[in-house]
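Notes follow the structure.
The values are calculated or read from the model by the stated rules, or taken from the named source; none is laboratory data. Values in this document were obtained by computation on a predicted structure and should not be read as measured data. Every residue, glycine among them, receives a Cβ derived from its backbone with ideal geometry; neighbour counts consider all protein chains shown. Side chains are part of the model used for accessible areas, which takes the heavy atoms of the whole protein and leaves out ligands, DNA and RNA. Shrake-Rupley method; radii C 1.70, N 1.55, O 1.52, S 1.80 Å.
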Amino acid sequence: MFSKKVQDAMNDQIQRELESAHIYLSMAAYFDSENLPGFAHWMNVQFHEEQAHAFKFYNFVNDRGGQVVLQAIGQPPVKFQSPLAVFEKALAHEEKITGHINDLYALATEENDFASQSLLQWFIDEQVEEEKNAGDIVDTLKKVGDNYQALLMIDRELSQRQLPAEAGNDAAAS
Ligand code: MG
């Protein structure tokens, strides 16, 4: 049974995933303005991934006979100090999202909602990946410091990031 409590919490999470997409697109715009196309590309992939996350909840709420209720999303930050500052913000953001996913799982458990727990298990695993991805780049950027040459090498590496097929399909199908 899909409780109103779980439905409302998932609608809140749809808002957070769309807001995440918005934040990452703003970060992509910052990197484009700094002539770092690889960093911008990485953030653009992240933008699409977050939209796919929102669609996963959107489809699930619909499949369970619930009502999707979209909510307003806030204005994302526009100005950033440095690539490192951007990725530190991204990491902190993902840690916050992990907390919300954990709260949702706890609620689904409390409500004896096993289908929601199954969906949320995917998100729990995904958040481990999200924190690792951002965290690794934070570490690398700390080592690089002010070395512009090294920053351009990282930019080239980040330009290789691919959108997971699943994320692309989800976005396209919905
Ligand atoms: Mg997400």
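What the table shows:
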item	result
Enumeration of residues in region 30-40 that are part of a helix (DSSP H, G or I) and open to solvent by 40 Å² or more (accessible area, probe 1.4 Å)	D32, S33, P37
Among the residues listed as M27, M43, M10, the single one being of a type outside the set (D, E, K, R), open to solvent by less than 20 Å² (accessible area, probe 1.4 Å), within 18 Å of D103 (Cβ to Cβ) and away from the ligand (no atom under 11 Å from the Cβ)	M10
Selection status of F60, part of a helix (DSSP H, G or I), closer than 17 Å to D155 by Cα and at pLDDT 95 or above	no
Test: residue in region 126-146 that is assigned to a loop (DSSP other than H, G, I, E, B) and not β-branched (V, I, T)	yes
Counted residues, region 13-24 - those being surrounded by fewer than 20 Cβ atoms within 10 Å (Cβ to Cβ) and touching a Pro at 6+ places or on another chain (Cβ under 6 Å)	1
Selection count where residues are crowded, with 20+ Cβ neighbours inside 10 Å and within 15 Å of the ligand (Cβ to nearest atom), scope region 61-90	1
Filtered residues of region 95-126 (kept if within 18 Å of D63 (Cβ to Cβ), within 16 Å of the ligand (Cβ to nearest atom) and of a type outside the set (A, V, I, L, M))	Q121, W122, F123
Matching entry among E110, E131 (being surrounded by 12 or more Cβ atoms within 10 Å (Cβ to Cβ) and of a type outside the set (F, W, Y))	E131
Test: residue in region 127-145 that is within 12 Å of the ligand (Cβ to nearest atom), within 17 Å of A9 (Cβ to Cβ) and touching a residue at least 24 places away in the same chain (Cβ under 8 Å)	yes
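Residues are listed down the side, and each one gets a yes or a no for (1) within 16 Å of V68 (Cα to Cα); (2) in contact (Cβ under 8 Å) with a residue 12 or more places away in the chain:
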{"site": "K4", "(1), (2)": "yes, no"}
{"site": "Q7", "(1), (2)": "yes, yes"}
{"site": "M10", "(1), (2)": "yes, yes"}
{"site": "I14", "(1), (2)": "yes, yes"}
{"site": "E17", "(1), (2)": "yes, yes"}
{"site": "H22", "(1), (2)": "no, yes"}
{"site": "M27", "(1), (2)": "no, yes"}
{"site": "D32", "(1), (2)": "no, no"}
{"site": "A40", "(1), (2)": "no, yes"}
